[in-house]
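> Just passing along the structure, written as C-alpha cells.
The values are calculated or read from the model by the stated rules, or taken from the named source; none is laboratory data. As the structure is a prediction and not an experimental result, all values here were calculated from the model. Cβ coordinates were reconstructed from backbone atoms using ideal geometry, including for glycine residues, and neighbour counts include every protein chain displayed. We work out accessible area using only protein heavy atoms, side chains counted, and drop any ligands, DNA or RNA first. Shrake-Rupley method; radii C 1.70, N 1.55, O 1.52, S 1.80 Å.
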Amino acid sequence: MIPAKFDYAAPTSVEEALALLAEHGDEAKVLAGGQSLLPVLRMRLNAPEMVVDIGRIASLRGITDDGSTLTIGAMTPYHEILADDRVRSRATLLHQAIAEVADPQIRHRGTLGGALVHADPAGDCGAPVLAMDAELVVTGPSGERVIAAAEFFQGLFETAVGEDELLTAIRVPTYDGWASHYEKFVRVAHQWPIVAVAAQVRTDGGSIAEARIGLTNMGATPLRARAVEEALVGSATTEDGIRAACDLAAEGTDPPSDLNGDADYRRHLATVLTRRAVLTALAG
C-alpha cells in the first residue's frame, strides 16, 4: 500500500525537531531509522500530517564511556553498536540482543532509540535495557529528564516520552565480570521472538550472587522476572541448582495468544528459555 499524504521535515538539531513537534502536536510522527514507522505508514495504521526525520541530527549518534556507564545516542544504528568493542565487552547483554535483531539490512538502518520508543513488547531491545537497569534521557521544551527503564515502558506501544519530547540517549551501566546471554525463540529466521529472555548473572565462588532477568513478549511491555532473580541468589551454578528458580519465570506475566502460540505455551517457553539463558551465560 501507499502511505497517506504527509508533510516532511528533516531538522539538523534537537531544538529544531522539538519546535516542529510543538507546532504539529499529535499530528506529527518522529522518523528514526524507519524500520518500524515505514511499515506502519504503508499499511495506513497511522496517517500523520507531518513526519519529522531526526536522522540528520548528528548529536544523537555515537557512544561514550565514562568508566561506569555507556551513553548511546538514540539515533545510533544497530550496526554501529555491534561494531563497538566497549559494548561487546562491557554491556555484553545488549550486544547479544542487538545481534539477534532481524537481519543485516535492518540492523544497518534501525536504531536503538527508535526501537525503544516504538515499545513493541516483542522487540529485542526492551528486555535487555530493562534487565540492565538502563536510564533513558528524554529532552523536551523544559530541558532534559532521566527516566529509569523500569518506568519507561508504560503499555502496549506506549512509553513515558511525551508528544513534545524526544528520546536523546540511553545510559547503560557496565557489568564488568558478569556473564550474560540472550535466548530467543522463533519459528523462522529473522522473526519477532515468540518469547525471549535476557539474562545476566554474577557469580561468587560456586554460587550465583546476583541476577538480572528480562522477558520479551510476555506481556504488554518488557518485564523483569523478579521472582527468578531473587530465587537465583545463592543457587549453585548447575542445572539442578537453578531449575527451581527458573520455573518461576512466568510468575506475574500476562503473555498474548496468537498464531505463534497461546498464553500457556508462552508461559512454558519462558521457563525453558530462562533456564537455557542462565545456563548458557554461566557456561561462558
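> Spin-label point model (7 Å from Cα, Cβ direction): what's the GLN191 to ASP26 distance in nm?
3.5 nm
> Also, I was wondering about something else. Where the Cα atoms of the stretch 1-150 are projected onto their three principal axes, how long is each span, largest first, in whole Å?
Ordered largest first, the stretch 1-150 gives principal extents of 45, 36, 26 Å.
> Ignoring ligands, DNA and RNA, please state the percent of accessible area on the chain from carbon and sulfur, probe 1.4 Å.
49 percent
> In addition: Could you work out which residue, out of ARG44, ARG267, ARG61, moves most in a Gaussian network model of the chain, that is, has the largest mean-square fluctuation with Cα springs under 10 Å?
Per the Cα network of the chain with a 10 Å cutoff, ARG44 tops the list.
> What per residue convex hull volume, in Å³, do the alpha-carbon atoms of the chain yield?
Considering the Cα atoms of the chain, their hull volume per residue is 124 Å³.
> Could you work out the mean projected area of the convex hull around the alpha carbons of the stretch 142-206, in square nanometres to one decimal?
Dividing the Cα hull surface by four gives the mean projection, 7.5 nm².
> I'd like to know which of PRO77, ILE63, THR92 lies farthest towards the positive end of the charge dipole of the stretch 47-94, counting +1 on Cβ of Lys and Arg and -1 on Cβ of Asp and Glu.
Highest projection toward the positive end goes to THR92.
> Could you grab the Rg to Rh ratio for the stretch 83-206? Cα atoms only, Kirkwood for Rh.
Details: Rg = 14.9 Å, Rh = 15.3 Å.
Reported Rg/Rh, Kirkwood definition of Rh: 0.98.
> A further question on this structure: Please compute the net charge surrounding GLU239, taking Lys and Arg as +1 and Asp and Glu as -1 over other residues with Cβ under 13 Å from its Cβ.
Result for the local shell: +1.
> If I take R0 = 30 Å and measure r between the Cβ atoms of LYS5 and GLU163 in this structure, what FRET efficiency does the formula 1/(1 + (r/R0)^6) give, to the nearest 0.05?
Given R0 = 30 Å and the Cβ-Cβ separation, E is 0.90.
> Can you give the net charge of the other residues whose Cβ lies under 14 Å from the Cβ of GLY143, counting K and R as +1 and D and E as -1?
Charge balance near GLY143 sits at -3.
> Additional query: Using a 1.4 angstrom probe with every protein chain in place, what is the largest-first accessible-area order of TYR175, TYR265, TYR182?
Largest to smallest exposure gives the sequence TYR265, TYR175, TYR182.
> How much accessible area per residue does the stretch 71-224 have, in Å², with a 1.4 Å probe?
Here the per-residue accessible area is 38 Å².
> Skip the ligands, DNA and RNA, and give the accessible area per residue of the stretch 1-47 with a 1.4 Å probe, whole Å².
Heavy-atom SASA per residue in the stretch 1-47 reads 62 Å².
> With a sphere of radius 12 Å drawn around the Cβ of ARG86, what net charge do the other residues whose Cβ falls strictly inside it have (Lys, Arg +1; Asp, Glu -1)?
Value of the local net charge: -4.
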